[in-house]
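K.L.:
Have a look at the structure that comes next, please.
Since every read-out is calculated from the coordinates, none of them should be taken as a lab result. Here the structure is a predicted model, which means the values were calculated and not measured. No Cβ is skipped: glycine too gets one built from the backbone with ideal geometry, and neighbour counts run over all protein chains shown.
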Amino acid sequence: MTLQLERLLFTLEQYERMIDAGVFEEDKRVELIRGEIIAMTPLNHPHEACVMRLTRLFFLLKVDQVVVWPQGNSLRIPDHSRPEPDLTLLRWRDDLYARASPTLSDVLLVIEVSDSSLKYDQEVKGPLYAEAGIPEYWIVNLPDQVIEVYAQPVAGTYRQVRQAKRGETLALPPTLEGAVRVSDILGPPSAL
């Protein structure tokens, strides 16, 4: 006889009620992906340093054009997902999204910094973001020291995929104009 395990899936609304009720410990890092509550991997120093570089870089470059939505802030993807990207660039809003959470139409760019979570960010989060219509998704691939750029979401997949290496620049999403240097995101080679 084979034991069959039943998975319990949650809606976005159920998950948010659990958060409001204090079901999760404050320092427990979890996110809702396709109805499943996923424990996120602990952050290491190279990851944290890269997120700080990204936050500083985008804040300095585009301070009056975008809202830099930092790590720990989530995106609501109806009906069953609430991921917490490492960094999200949102359309500017004077209230900085205090009155209402950002919608998918507010998202310009989602960035995940990956070391131990690389496969998950490529195979689970990438398709999730593409299905949601997020126009551009970057994975800062720390093990390989490249930035994977995913763009042009169509039917749940990104049609354009490329890698950018040290010494190259990355164009920002079209609504922002400009570019960033890959080396500024990855930091000095000795730091990783």
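K.L.:
Might you report the magnitude of the Cβ-based charge dipole of region 1-150 about its Cα centre, with Lys and Arg at +1 and Asp and Glu at -1, to the nearest 20 debye?
P.N.:
So the magnitude is around 200 debye.
K.L.:
Where does the charge balance sit around ASP86 when Lys and Arg score +1, Asp and Glu -1, over other residues with C-beta under 12 Å from its C-beta?
P.N.:
Cβ neighbours under 12 Å give a net charge of -3.
K.L.:
In whole Hz, with x marking every Gly and Pro, tabulate ³J(HN,Hα) for region 128-137 from phi via Karplus 6.51 cos²θ - 1.76 cosθ + 1.60, θ = phi - 60°.
P.N.:
4, 5, 5, 4, 6, x, 5, x, 8, 9
K.L.:
Around PRO70, with a cut-off of 12 angstrom between Cβ atoms, what is the net charge of the other residues, counting Lys and Arg +1 and Asp and Glu -1?
P.N.:
Net local charge, PRO70 excluded: -2.
K.L.:
Counting only C-alpha contacts under 8 Å and six or more residues apart, can you give the relative contact order of the chain as a whole percent?
P.N.:
15 percent
K.L.:
What number, rounded to the nearest 500 deg cm²/dmol, is the helix-based mean residue ellipticity at 222 nm of the chain, given -39500 (n - 2.57) per DSSP H run of at least four residues and division by all its residues?
P.N.:
-5500 deg cm²/dmol
K.L.:
Starting with the highest mean, order 79-87, 32-40 by the number of other Cβ atoms within 10 Å, averaged over the residues of each peptide.
P.N.:
Listed from highest to lowest mean packing, they are 79-87, 32-40.
K.L.:
Which residues' amide hydrogens lie under 5 Å from the amide hydrogen of TRP92, considering only partners 5 or more residues apart or on another chain, with H built in the peptide plane?
P.N.:
VAL67
K.L.:
Starting from the Cα gyration tensor of region 87-192, take the square roots of the eigenvalues, sort them a ≥ b ≥ c, and report rounded, prolate or oblate (rounded when a/c is under 1.5, otherwise prolate if a/b is larger than b/c, else oblate).
P.N.:
Prolate is the answer for region 87-192, as a/c is 1.5 or above and a/b outweighs b/c.
K.L.:
Same structure again: Tally Lys/Arg at +1 and Asp/Glu at -1 over every other residue whose Cβ is under 13 Å from the Cβ of ILE19; what's the total?
P.N.:
-2
K.L.:
Moving on. Along the charge dipole of the chain, which of LEU8, PRO174, ALA21 sits closest to the positive end, that is, farthest toward it, with unit charges on the beta carbon of Lys, Arg, Asp and Glu (+1, +1, -1, -1)?
P.N.:
PRO174
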